[in-house]
Amino acid sequence: MTHLAYFIKSLFIILIFLLLSCQRQTESFMNHINVIPLPVSSNEVNDHFNLNNRTQIVISPSETKYLGNLTKFLNDLVVNAIGARLEVSSEKNPDTQIILRLNKQLDLGDEGYHLLITKKHIIIESEAPNGVFYGIQTFRQLLPVEKSQSNVLISGVEIYDYPRFVWRGLHLDVSRHFMPPEFIKKYLDYMAMHKLNTFHWHLTDDQGWRIEIKKYPKLTEVGAWRDKTLVGHYRDQPHQFDGTRHGGFYSHEEIRKIVDYAGERFITIVPEIELPGHAQAAIAAFPELGVTGGPINVRRIWGISPYIFNVEETTFDFLKNVFQEVISLFPGDFIHIGGDEAIKEQWETSDKIQKKIEKLGLNDEHELQSWFIQRIDSFLTSHNKRLIGWDEILEGGLAPNATVMSWRGEKGGIEAAKSGHDVVMTPTEYCYFDYYQANPADEPLAIGGFLPLKKVYEYDPIPKILSESEAEHILGVQANVWTEYLNSPKKVEYMVFPRIAAIAEVAWTDPGNKDWEDFKKRIKFMTSYYSEMDINFSRSALLE
Ligand code: TNX
């Protein structure tokens, strides 16, 4: 071997060695930082910050209007850790300080942040308040779980972080079982802690209409209440009932407060008003909106109701008036219009509807549904809102501005992305938190299915089949929480935790950094926070 060849070979070996040791370093680091979702990059700093009641929170006066509110969140965490709230100051030179600041130079996006912990200070900075908020959420997980020690040493670390997806969603069905406003706020807290930013609020369905509409008080006087509810599983015959009246709804005032509460946590709420199916509660209040015209109850059993809206102009007027109020309450871009599981039987057997199909020159009921949704789409678009619906809205032709929520697998999402529409992935197989998470024999009654923590964790919302430009249409991912079998907040918590941590990491963390073995270690720390917060998380989900 010539000298040169020998030199090149040695150089190559050294390079490989360096690369491997680098990789080992990130691995050992990944085991060290117990943060969920896992940040993009973090490095240990060989230092400790001493957090005590002399520490100050520093924000510059010019940034108070953007960051002032965040000092409250930070102090809530600090008081938990050291039993004292910190003074908020604009002075730059106290002994130790936690600095919150905006930094337009960072180039990590509005939700990205830089967190630096050294002996001297803690800096949490971002281009926008969102990112500072997420930096605080990460900081929270670096604090000890135990409450109220007067002095806390926090290990030095430097983190640069930003999310993979803009839509990091969690859904809650409050129709099948009403959940009180106080719980909705808790739910938003849980989301924020996991850096989820989109709350899909399923407000109407066959079993209950849950949003006050001032123009139509009967919607909630009648539609928000059912006189009894199924007990046991839907497939168990004969059906048994509890004989108890169930219901409730959110007033405009309650909704405004919840929207504000979400906004302070950088969460956008996407309200869902179901059409043309899943409309039995609305039709119970106003039979003239239905096809049969006859009286019907708010539904007391689960499964899919055959009741569907008719296609009269008066029905569109009604829906537009409803959406008008919905739009006035929810400032986010998206309005969800459902669109799922609309059984077409009543349309098929109605002469009036059949004549309408003929008159419009449509081929079938699917095209009628598409026509229905397109009318709503243009109404929402003219009000600067974006329509999103379940993947059935593809049937009969997708409305021009629609975004698709792909739940029956990824097929609908792929089709929509390929035709240039935005998509949120939420396939049942990976994202349905109403499915069992451990052996059904030992679990509380659920709808069925099986979705263990590991499976949620392993999901990648970008189907391999999509090209890079098509993949840009995947806005993100969402987990859904249907409540047929969840009749209390504690039961909802049980199904959501710990799977919320897995979906959060799917939504936030780069797939190349994800590691199930490492996540399993980190989730142990997370569950100690859950215990401390008195969250009813599933222990059985953690057994493998
Ligand atoms: C299907 S997912 C539904 C819901 C049920 C759920 C139960 C979807 C768009 N529709 O109405 O609650 O299954 O898993």
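State whether the residues of the stretch 142-163 include one that is at pLDDT 95 or above, within 16 Å of the ligand (Cβ to nearest atom), closer than 21 Å to N513 by Cα and in contact with a strand residue (DSSP E or B) (Cβ under 8 Å, 6 or more places away or on another chain).
No, every residue in the stretch 142-163 fails to be at pLDDT 95 or above, within 16 Å of the ligand (Cβ to nearest atom), closer than 21 Å to N513 by Cα and in contact with a strand residue (DSSP E or B) (Cβ under 8 Å, 6 or more places away or on another chain).
Would you check which residues across the stretch 333-352 are more than 16 Å from the ligand (Cβ to nearest atom) and open to solvent by less than 10 Å² (accessible area, probe 1.4 Å) and list them?
W347, the sole residue that qualifies.
Which of the residues spanning the stretch 186-218 are of a type in the set (D, E, K, R) and either farther than 16 Å from L329 by Cα or away from the ligand (no atom under 16 Å from the Cβ) (or both)? Please lay out each step first, then the result.
Going residue by residue through the stretch 186-218, those that are of a type in the set (D, E, K, R) are 186, 189, 195, 205-206, 210, 212, 214-215, 218.
Matches in the stretch 186-218: K186, D189, K195, D205, D206, E212, K214, K215, K218.
How about the stretch 474-488: which of its residues are more than 14 Å from the ligand (Cβ to nearest atom) and closer than 30 Å to A417 by Cα?
I474, L475, G476, V477
I'd like to verify a number: residues in the stretch 90-99 that are β-branched (V, I, T) and part of a strand (DSSP E or B), how many? Full working, then the answer.
To start, the set of residues in the stretch 90-99 that are β-branched (V, I, T) comprises 96, 98-99.
So of that shortlist, the ones also part of a strand (DSSP E or B) come out as 98-99.
Adding up the residues that qualify gives 2.
Cβ-Cβ below 6 Å, separation at least six or inter-chain, first residue in the stretch 431-444 and more than 13 Å from V496 (Cβ to Cβ), second within 16 Å of the ligand (Cβ to nearest atom) and assigned to a loop (DSSP other than H, G, I, E, B): which pairs?
Hits for this filter: Y436/E443; Y436/A446.
If you go through the stretch 391-423 one residue at a time, how many are within 12 Å of the ligand (Cβ to nearest atom) and within 22 Å of F165 (Cβ to Cβ)?
Within the stretch 391-423, the subset within 12 Å of the ligand (Cβ to nearest atom) is 391-393, 404-409, 412.
From the residues that got through so far, the ones that are within 22 Å of F165 (Cβ to Cβ) too are 391, 393, 404-409, 412.
Going through the stretch 391-423 one residue at a time, the tally reaches 9.
Check E182 against each of (1) open to solvent by 40 Å² or more (accessible area, probe 1.4 Å); (2) closer than 20 Å to I124 by Cα and name the one condition it does not meet.
The number of the failed condition is (2).
Looking at T204 and the list (1) buried (at least 23 other Cβ atoms within 10 Å of the Cβ); (2) farther than 28 Å from V423 by Cα, which single condition is not satisfied?
Every condition holds for T204 apart from (2).
I'd like the residue in the stretch 185-197 that is touching a Lys or Arg at 6+ places or on another chain (Cβ under 8 Å) and open to solvent by 10 Å² or more (accessible area, probe 1.4 Å) and, out of all such residues, is nearest to P37 (Cα to Cα).
Of everything passing the filter in the stretch 185-197, N197 is nearest to P37 (Cα to Cα).
Conditions (1) open to solvent by less than 40 Å² (accessible area, probe 1.4 Å); (2) closer than 26 Å to R522 by Cα; (3) part of a helix (DSSP H, G or I), marked per residue:
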position: V88; (1), (2), (3): no, no, no
position: R101; (1), (2), (3): no, no, no
position: K104; (1), (2), (3): no, no, no
position: L115; (1), (2), (3): yes, yes, no
position: E125; (1), (2), (3): yes, yes, no
position: Q137; (1), (2), (3): yes, yes, yes
position: Q141; (1), (2), (3): yes, yes, yes
position: Q149; (1), (2), (3): no, yes, no
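Only one of P276, P238 is open to solvent by 70 Å² or more (accessible area, probe 1.4 Å) and either outside the structural domain of L380 (by TED's automatic domain parsing) or farther than 30 Å from L67 by Cβ (or both); which?
Values: P276 fails: open to solvent by 70 Å² or more (accessible area, probe 1.4 Å).
Matching residue, one of P276, P238: P238.
What pairs can you find where one residue is in the stretch 354-372 and assigned by TED's automatic domain parsing to the domain that holds G396, the other is open to solvent by less than 60 Å² (accessible area, probe 1.4 Å) and of a type in the set (F, W, Y), and their Cβ atoms are less than 7 Å apart, with a gap of 6+ or different chains?
From residues that are assigned by TED's automatic domain parsing to the domain that holds G396, the pairs are L360/W371; L362/W371; E365/W347; L368/W347.
Among (1) crowded, with 19+ Cβ neighbours inside 10 Å; (2) of a type in the set (A, V, I, L, M, F, W, C); (3) away from the ligand (no atom under 14 Å from the Cβ), which single condition is L360 missing?
Only one criterion in (1) crowded, with 19+ Cβ neighbours inside 10 Å; (2) of a type in the set (A, V, I, L, M, F, W, C); (3) away from the ligand (no atom under 14 Å from the Cβ) is unmet by L360, namely (1).
Return the only residue of S328, S378 being away from the ligand (no atom under 16 Å from the Cβ), in contact with a helix residue (DSSP H, G or I) (Cβ under 9 Å, 6 or more places away or on another chain) and of a type in the set (G, A, S).
S328
Here are some residues: V259, V270. Which one is touching a residue at least 24 places away in the same chain (Cβ under 8 Å), open to solvent by less than 10 Å² (accessible area, probe 1.4 Å) and under 30 Å from S378 (Cα atoms)? Break it down into steps so the answer makes sense when it comes.
On the way: V259 fails: open to solvent by less than 10 Å² (accessible area, probe 1.4 Å).
Answer to the selection: V270.
Residue check, V231 against (1) outside the structural domain of E288 (by TED's automatic domain parsing); (2) hydrophobic (A, V, I, L, M, F, W, C); (3) free of Cβ contacts under 8 Å to residues at least 12 places away in the same chain, all met but one. Which one?
(1)
Taking the stated definitions as given, is G389 modelled with pLDDT under 95 and assigned by TED's automatic domain parsing to the domain that holds I327?
Numbers: modelled with pLDDT under 95: no; assigned by TED's automatic domain parsing to the domain that holds I327: yes.
Against the criterion (modelled with pLDDT under 95 and assigned by TED's automatic domain parsing to the domain that holds I327), G389 does not qualify.
The values are calculated or read from the model by the stated rules, or taken from the named source; none is laboratory data. A quick note: this is a predicted structure, and the numbers were derived from the prediction, not measured. All Cβ positions, even for glycine, are placed from backbone atoms using ideal geometry, and neighbour counts span all protein chains on display. Protein only, heavy atoms only, side chains kept; ligands, DNA and RNA dropped before computing areas. Shrake-Rupley method; radii C 1.70, N 1.55, O 1.52, S 1.80 Å.
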